[in-house]
Amino acid sequence: MEQESLIIYDMLLRLPLFQGMSKTELAEVVGHTKFEFVRFPETSTIVKEGSVCSHLSFLIKGTMNSMMHSDNHTFRVEEQWNAPNMLQLESLFGLTQRYTMNFTALTRCDIMSISKAEVIRLTETYEIFRINLLNIISTHIQRLSHKPWRPTPHSLHEKLVRYFSDHCHRPAGEKTMYVKMEDLSKAIGESRLNVSRELHAMEQDGLIVLGRERIHIPALEELLKA
């Protein structure tokens with residue numbers, strides 16, 4: 001195998017969509033699939049919200065930031081994504097085949113992409129790839145369908161944690177929320193004063209860092225456990 005093919009082969013071994021495939025199958029994928037590679041410098045835009053999702057893209061090196069906002073633009077969330085990772089597989093198919101987030105490079109980022117046509121060919125050719133694809137999409141749907149059936153949060157702390165976690169793509173890692181105290185208070189049905197007190201209590205516990213219209217969560221998994 002040539003050096004470039006070996007590099008691609010090693011990359012595929014790290015990605016969930018290709019896990020479980022035999023060495024022979026992976027070698028075939030490397031030899032017969034058209035991969036596109038783009039390097040994005042720090043602070044550059046990788047994907048714009050609303051752009052057409054015509055390729056399945058993977059972050060194979062670096063750290064990027066995603067940003068998603070509410071429909072009325074009163075609330076937005078930024079999350080960090082580390083390699084290896086996949087950019088919104090769910091946007092490749094379905095009713096709206098567009099990205100719902102902005103992705104920006106926090107460090108130099110290497111992106112590998114496969115066209116939608118190639119993804120369809122891989123699902124038709126390799127059973128493991130097809131099963132992996134269905135498992136990822138099914139898991140995403142199951143998590144979303146389960147949300148309405150969770151116990152209703154009662155304390156103010158529980159309401160805030162639920163609101164934060166429900167607006168994140170992943171239930172772990174570094175997050176930053178941008179929201180006015182008034183808008184956050186209305187969203188969870190609590191007074192501004194009580195929300196402010198609870199947020200400051202969370203900050204004293206080392207779970208969040210408060211700024212002007214900004215709530216930084218160093219590790220969402222730690223907030224969920226608190």
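Here are some notes:
- Accessible area per residue for the chain, computed on protein heavy atoms with a 1.4 Å probe, is 56 Å².
- Relative contact order [Cα under 8 Å, 6+ residues apart], the chain, whole percent: 21 percent
- Axial C-alpha extent at least 24 Å, average Kyte-Doolittle at least -0.5 - helices from the chain (DSSP): 127-146
- Sequence-distant lysines (8 or more away, or on other chains) whose Cα lies within less than 27 Å of residue 180: 48, 147, 159, 225
- Net charge in the neighbourhood of residue 33 (other residues with Cβ under 10 Å of its Cβ; Lys, Arg +1, Asp, Glu -1) is 0.
- Cα-centre dipole for the chain with unit charges at Cβ (Lys and Arg positive, Asp and Glu negative), debye to 20: 420 debye
- Computing FRET efficiency as 1/(1 + (r/R0)^6) for residue 125 and residue 170, where r is the C-beta to C-beta distance and R0 is 35 Å, gives about 0.70.
- The range 158-226: GluC sites (Glu not before Pro) in DSSP coil with no more than 16 other Cβ atoms inside 10 Å: 174, 190, 213
- Viscosity 0.692 mPa s, temperature 37 °C, Stokes-Einstein D of the chain from Kirkwood C-alpha radius, µm²/s: 168 µm²/s
- Most positive-pole-ward Cα, 119, 77, 27, against dipole of the range 1-136 from beta carbon charges: 77
- Mean-position separation - Cα centroids, the range 161-224 and the range 64-134, in angstrom: 25 Å
- Exposed trypsin sites (Lys or Arg not before Pro) absent: longest stretch of the chain, with sites in DSSP loops and at most 11 other Cβ within 10 Å deemed exposed: 35-211
- Computed over the range 1-119, the P(r) curve from all C-alpha pair distances, binned at 10 Å from the origin, holds 13, 42, 32, 11, 2, 0 percent per bin.
The values are calculated or read from the model by the stated rules, or taken from the named source; none is laboratory data. Note that the coordinates shown come from a computational prediction; the quantities given were computed from them, not determined experimentally. Here the Cβ is made from the backbone with ideal geometry for all residues, glycine too, and neighbour counts use every protein chain on show. Ligands, DNA and RNA are stripped out before the accessible areas are found, and what is left, the full protein with its side chains, is counted by its heavy atoms. Shrake-Rupley method; radii C 1.70, N 1.55, O 1.52, S 1.80 Å.
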